[in-house]
1. Is at least one residue of the range 48-61 surrounded by 15 or more Cβ atoms within 10 Å (Cβ to Cβ), part of a strand (DSSP E or B), within 15 Å of the ligand (Cβ to nearest atom) and outside the structural domain of Ile167 (by TED's automatic domain parsing)?
2. Among the candidates Ala152, Ala134, Ala162, single out the residue that is without any contact (Cβ under 8 Å) to a residue 40 or more places away in the chain and of a type in the set (A, V, I, L, M).
3. Of all helices (runs of 4 or more DSSP H) completely enclosed by the range 78-181, which ones contain at least 2 residues that are hydroxyl-bearing (Ser, Thr, Tyr)?
4. Taking the condition surrounded by fewer than 20 Cβ atoms within 10 Å (Cβ to Cβ) and within 16 Å of the ligand (Cβ to nearest atom), does Ala162 pass?
5. Of all residues in the range 1-47 being at pLDDT 95 or above and among the polar types (S, T, N, Q), which is surrounded by the most Cβ atoms within 10 Å (Cβ to Cβ)?
6. Could you tell me which of the residues Gly220, Gly177, Gly232, Gly209 is farther than 26 Å from Ser359 by Cβ and either within 11 Å of the ligand (Cβ to nearest atom) or not assigned by TED's automatic domain parsing to the domain that holds Arg322 (or both)?
7. Quickly run through the range 346-385 and pick out the residues that are among the β-branched types (Val, Ile, Thr) and more than 9 Å from the ligand (Cβ to nearest atom).
8. Of everything in the range 196-215, what is assigned to a helix (DSSP H, G or I) and without any contact (Cβ under 8 Å) to a residue 24 or more places away in the chain? Give them in sequence order.
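The values are calculated or read from the model by the stated rules, or taken from the named source; none is laboratory data. The shown structure was predicted, so the numbers you read here are calculated from the model rather than taken from an experiment. Heads up, the Cβs are rebuilt from the backbone with ideal geometry, glycines too, and the neighbour counts pull from every protein chain shown.
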Amino acid sequence: MNRGVTSRPWDIAVIGGGIVGLSAALNVIQLYPKTRVAVLEKETEVGLHQTGHNSGVIHSGVYYRPGSQKARFCVSGVQMLKSYCHEKGIEYDECGKVIVATDESELPRLEELRRRGRANGVDGLEMIGPERLAEIEPHVRGVKALRLPKTAVVDYRRVAHAYAEDIQESGGEILTGRRLRRVGRNGGGVELDTGGETIEAKHVINCAGLYADRVARMMGADLDVRIVPFRGEYYTLRPESRGLVKGMIYPTPDPRFPFLGVHYTRGINGEVEAGPNAVLAWSREGYRKTVVNARDAIGTFAYVGFWRMTLRTWRVGLAEMRRSLVKSVFVKDLRKLLPEIRSEDLAPGGAGVRAQAVSRQGALLDDFCIEESRGAIHVLNAPSPGATSSLSIGRHIAERAGKSFGLKG
Ligand SMILES: Cc1cc2nc3c(=O)[nH]c(=O)nc-3n(C[C@H](O)[C@H](O)[C@H](O)COP(=O)(O)OP(=O)(O)OC[C@H]3O[C@@H](n4cnc5c(N)ncnc54)[C@H](O)[C@@H]3O)c2cc1C
């Protein structure tokens, strides 16, 4: 890895070596091979944050409003990702998913998902009754379910490492251990201060995930959003209980809070996770309840958008906190889908922190959000299915970079 001030400026510095930043860098190199690209990552390796702390699901695309960026990027991204995994010999498991309606009141919402799935062009959708559901997931109880046979699981950290290798083999660089601290302007370009080193670049692509808003402000962007971190906590099924789950079992989501609702996922390593919930994190990288970062917490509480959001969602927030603190509440919710599950079947699992962009008006941004400021493109909201969609988001960013930065093939 290079140390010291880089003699010749990079054409593009990508901030953040998560799956989105790496894909953006790779796509720029593939579309514009003459472009010199470096990825700056503050950790000692890539893919350690959202990319390495998620459910590992290659989503199919039924949840998203037709025409939204999530719908478009997810459906095209699935094909690109699966082909990439084939090419690189990265294992993924098409174990399939059922989205279950546990009572009649959920049926209109389940029907709406089928409609969305069809509109989005999702393959192999099937509405099934209790008998067929019992064949696929014998321990699940439901009145109807939407079956998504192509939904798969993969290790996204492994995918991120493969993108990083491809970048390096194509002449790009991955500069780990470089935390961007300050940005200065230098003629037409920027000077990126990483503490003890200044890296020069003509343009920036900001994919800093949980810190994307801070990096955008360093670049002088005038933003209407701020990242509010939400921790998602998981339990893991003890080995002797894993047989209760064959693939992926999801509840019918509440359209007002589509990212809520605990589910079961059989991972690529055979482990079964149950979760996640969504509780406010006191630190942007707060993977445990006890981790507090004063700057992050004060930043959240000083933000008017946070309070406007809380006014609207406090009931749901309290329910999620209760589920986080009281295992029996978590288990009760899990039992709606799988009545046989008991507290003894569950051991504490991992956690992830979602970078949720919240507007000043208090709205939780649902769709991907990519904005531009002078010399920079900022990915300000890349929630799930961001990993599934990584290659198509990366392609979209590279095309925008081509136009906005005047890149030449
Ligand atoms: C709990 C959870 C479950 C999820 N489940 C799924 C799923 O099943 N399927 C799916 O498709 N998606 C899922 N997602 C979403 C998916 O993980 C994200 O969309 C995706 O990982 C976003 O990637 P990213 O590169 O934008 O962010 P990240 O992976 O967070 O990467 C950002 C990188 O920027 C670096 N960085 C930050 N600040 C700086 C700085 N100042 N200088 C240098 N580097 C910096 C960080 O260290 C980090 O490596 C889930 C997310 C969570 C949290």
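1. Scanning the range 48-61 turns up at least one residue that is surrounded by 15 or more Cβ atoms within 10 Å (Cβ to Cβ), part of a strand (DSSP E or B), within 15 Å of the ligand (Cβ to nearest atom) and outside the structural domain of Ile167 (by TED's automatic domain parsing).
2. Of the residues listed, the single one that is without any contact (Cβ under 8 Å) to a residue 40 or more places away in the chain and of a type in the set (A, V, I, L, M) is Ala134.
3. 156-169
4. Criteria met by Ala162.
5. Taking the candidates together, the pick is Ser23.
6. Unique residue meeting the criteria: Gly177.
7. Hits for the range 346-385 are Val358, Ile370, Ile377.
8. Passing the criteria: only Arg214.
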